[in-house]
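Here is the structure we will look at.
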Amino acid sequence: DSSYALAADALRKHDLAVAAHEAGTLSGAVLEGADVLVLAPPSDAAWEKVVPGGSPKLTGEELAAIEAFVHAGGGLIVLGESEQAKYGDNLNELLATFGIQIANDTVSDYQRHRSSPHWVLADLEHPEDGVDLLARVHEACFYRAGTLAVAEDTWDVTPPASSEADMRDVIVLARASATSSAPG
């Protein structure tokens, strides 16, 4: 029902270069020249077979390379799952560096759904000043949405000492409605 290949083709149609890293360590050399890194949700094969023959966990070298890439100005998009804890990855270890955690929630909204309560219509955040990252986006609906946490006391892993400074840079783009199972 979805395809990263189709998403990449859509980006290419808008004159964006897209490349897949299919084998080997995700090192600083691999990230060199990239503007944005997209991490599709890795999974233990017991849940989804998305990492053929590999581990869903990033190595220490990969975690360090991604952190350095972002701190040097690279963009990072991390796709997670609504039941994050079961997939056996260490995305929260990476995200703690940037002041964010993927919570183990599945949002339901019986008041504002389309075809089922797991189609969640988000409340979008549009700043009154500064850059609007959702310019021209008037509505966003997510299937089996999860939640993110930015408070250290809800994290699955211990945040690094540097995360307090990084939390200033967390910008919320969408929130679950007040009628959802995870308001806000």
Task: Every pair of residues 6+ apart whose Cβ atoms lie under 6 Å, when the first sits in region 55-68 and is within 16 Å of Y87 (Cα to Cα) while the second is open to solvent by 60 Å² or more (accessible area, probe 1.4 Å) - done: P56/D44
- [ ] Look at region 120-148 and say how many of its residues are open to solvent by 90 Å² or more (accessible area, probe 1.4 Å) and in a strand (DSSP E or B).
- [x] 3
TODO: List every residue pair whose Cβ atoms lie under 7 Å apart, where the two residues are 6 or more positions apart in sequence or sit on different chains, the first residue falls within region 88-108 and is surrounded by 22 or more Cβ atoms within 10 Å (Cβ to Cβ), and the second residue, located anywhere, is part of a loop (DSSP other than H, G, I, E, B) and basic (K, R).
DONE: D89/K57
Open item on the list: Could you check region 30-50 and list, in sequence order, the residues that are in a helix (DSSP H, G or I) and either touching a residue at least 40 places away in the same chain (Cβ under 8 Å) or open to solvent by 80 Å² or more (accessible area, probe 1.4 Å) (or both)?
Closed with: L31
- [ ] For residues that are open to solvent by less than 100 Å² (accessible area, probe 1.4 Å) and over 19 Å from the mean Cα position of the chain (by Cα), tally how many sit in region 1-29.
- [x] 9
TODO: Could you pull out the residue among L58, L63, L76 that is within 14 Å of L91 (Cβ to Cβ) and either in a loop (DSSP other than H, G, I, E, B) or open to solvent by 70 Å² or more (accessible area, probe 1.4 Å) (or both)?
DONE: L58
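The values are calculated or read from the model by the stated rules, or taken from the named source; none is laboratory data. Just so we're clear, the structure is a prediction, and the values are computed from it rather than from any experiment. Positions of Cβ are generated from backbone atoms using ideal geometry, with glycine treated the same way; all protein chains shown enter the neighbour counts. These accessible areas exclude ligands, DNA and RNA; they are computed on the full protein's heavy atoms, side chains included. Shrake-Rupley method; radii C 1.70, N 1.55, O 1.52, S 1.80 Å.
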